[in-house]
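Trainee: Can you keep this structure in mind? I'll have questions shortly.
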Amino acid sequence: SQQGEEDPQALSIQEGENATMNCSYKTSINNLQWYRQNSGRGLVHLILIRSNEREKHSGRLRVTLDTSKKSSSLLITASRAADTASYFCATDRDSNYQLIWGAGTKLIIKP
Amino acid sequence: EAGVAQSPRYKIIEKRQSVAFWCNPISGHATLYWYQQILGQGPKLLIQFQNNGVVDDSQLPKDRFSAERLKGVDSTLKIQPAKLEDSAVYLCASSPGTGRGYIQYFGAGTRLSVL
């Protein structure tokens, strides 16, 4: 069963704009992670945010976590063509450290 | 540092045939995962190994799927016989351990088409 749900399912923006993706989950978590998957490739870890953190930055990425709303957002600033990919959130539940994955947001950056 | 290696990259078989996938994790990583990813969906965990022992195989269709991890390093995933609905990308991932906050490192995957 899927724990996380990403929103929107697909997003198309112009290069240079910011992209925001959201993830909602159902049960309490230890951590939430975001991964990127380029077409035909495996997943690459982007950022991990712990349940006691509210915001985290990594380069052009900014992740927020609201445990009261059971939601997270991933912001990519100043998007580039190379950011075209699917983005997945994954949570590990409080009682189980296995990752439960959402269905992903497909991001297309138009030149 | 070498990444997770998987082979083959692509495989096309007919239904009821058998197929095997191979995975070599990052050196020293104790935990190995096999995921099934159907087009348009997130990865679904099939089986998790800790060294050469199975931690969780609750979502592995054991009537047709099997997996092993010999000597706690390489792993193979087998499907016998394959069904049309097994068409998917099979991803192998590894992590240094199991527990809070471990990142998973993925291979490029094997894309299986069952005709």
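The values are calculated or read from the model by the stated rules, or taken from the named source; none is laboratory data. On a predicted model such as this, the values are computed, not experimentally measured, just so you know. Don't worry about glycine lacking a Cβ; one is built from the backbone with ideal geometry, like all the others, and counts go over all protein chains shown. Side chains included, ligands, DNA and RNA excluded: accessible areas come from the protein's heavy atoms. Shrake-Rupley method; radii C 1.70, N 1.55, O 1.52, S 1.80 Å.
Trainee: Does the stretch A:47-67 contain any residue that is hydrophobic (A, V, I, L, M, F, W, C) and more than 27 Å from B:S94 (Cβ to Cβ)?
Mentor: There is no residue in the stretch A:47-67 that is hydrophobic (A, V, I, L, M, F, W, C) and more than 27 Å from B:S94 (Cβ to Cβ).
Trainee: A further question follows. Select from the stretch B:28-63 the residues that are without any contact (Cβ under 8 Å) to a residue 24 or more places away in the chain and more than 19 Å from A:W101 (Cβ to Cβ) and write down the one among them that is least open to solvent (accessible area, probe 1.4 Å).
Mentor: Only one residue tops the list, namely B:G53.
Trainee: When you scan the stretch A:86-95, how many residues do you find that are at the interface with chain B (Cβ under 9 Å from one of its Cβ atoms) and modelled with pLDDT under 90?
Mentor: 1
Trainee: Tell me yes or no: at least one residue of the stretch A:85-108 is in contact (Cβ under 8 Å) with a residue 40 or more places away in the chain and in contact with a His (Cβ under 7 Å, 6 or more places away or on another chain).
Mentor: no
Trainee: Out of curiosity, is A:E17 within 14 Å of A:A103 (Cα to Cα) and open to solvent by 70 Å² or more (accessible area, probe 1.4 Å)?
Mentor: no
Trainee: Looking at the stretch B:69-115, which of the residues that are among the polar types (S, T, N, Q) and touching a residue at least 60 places away in the same chain (Cβ under 8 Å) is farthest from A:G40 (Cα to Cα)?
Mentor: Here the answer is B:T98.
Trainee: Ok, one more. Looking at the stretch B:95-115 only, could you name the residues that are open to solvent by less than 20 Å² (accessible area, probe 1.4 Å), within 14 Å of chain A (Cβ to nearest Cβ) and modelled with pLDDT of 95 or more?
Mentor: Hits for the stretch B:95-115 are B:G107, B:G109, B:T110, B:L112.
Each row is one residue, and each column tells you yes or no for (1) touching a Cys at 6+ places or on another chain (Cβ under 7 Å); (2) over 13 Å from A:R36 (Cβ atoms); (3) open to solvent by 30 Å² or more (accessible area, probe 1.4 Å); (4) among the small types (G, A, S).
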{"residue": "A:R62", "(1), (2), (3), (4)": "no, yes, yes, no"}
{"residue": "A:D66", "(1), (2), (3), (4)": "no, yes, yes, no"}
{"residue": "A:K69", "(1), (2), (3), (4)": "no, yes, yes, no"}
{"residue": "A:A81", "(1), (2), (3), (4)": "no, yes, yes, yes"}
{"residue": "A:A90", "(1), (2), (3), (4)": "no, no, no, yes"}
{"residue": "A:Q98", "(1), (2), (3), (4)": "no, yes, no, no"}
{"residue": "A:G104", "(1), (2), (3), (4)": "no, no, no, yes"}
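Trainee: Would you kindly identify the strands (runs of 3 or more DSSP E) lying entirely within the stretch B:30-115 that contain at least 1 residues that are of a type in the set (D, E, K, R) and in contact with a strand residue (DSSP E or B) (Cβ under 8 Å, 6 or more places away or on another chain)?
Mentor: Ranges flagged: B:44-50, B:53-56, B:65-69, B:75-79, B:110-114.
Trainee: Could I ask something else about it? Does B:S66 qualify as being surrounded by 14 or more Cβ atoms within 10 Å (Cβ to Cβ), of a type in the set (G, A, S), under 19 Å from A:L43 (Cα atoms) and within 12 Å of the chain's Cα centre (by Cα)?
Mentor: Numbers: surrounded by 14 or more Cβ atoms within 10 Å (Cβ to Cβ): yes; of a type in the set (G, A, S): yes; under 19 Å from A:L43 (Cα atoms): no; within 12 Å of the chain's Cα centre (by Cα): yes.
Judged against the criteria, B:S66 is not a match.
Trainee: Take the conditions at pLDDT below 95 and touching a helix residue (DSSP H, G or I) at 6+ places or on another chain (Cβ under 8 Å) and apply them to A:P111. Does it pass?
Mentor: Values: at pLDDT below 95: yes; touching a helix residue (DSSP H, G or I) at 6+ places or on another chain (Cβ under 8 Å): yes.
Judged against the criteria, A:P111 is a match.
Trainee: Report every pair of residues separated by at least 6 positions or lying on different chains whose Cβ atoms are under 6 Å apart, first residue within the stretch A:25-52 and open to solvent by 30 Å² or more (accessible area, probe 1.4 Å), second part of a loop (DSSP other than H, G, I, E, B) and aliphatic (A, V, I, L, M).
Mentor: Pairs found: A:R41/B:A108; A:H45/B:I103.
Trainee: Among all residue pairs at least 6 apart or on different chains, which show Cβ distances below 7 Å where the first residue, located in the stretch B:1-27, is open to solvent by less than 40 Å² (accessible area, probe 1.4 Å) and the second is among the acidic types (D, E)?
Mentor: B:C23/B:D74; B:I26/B:E1
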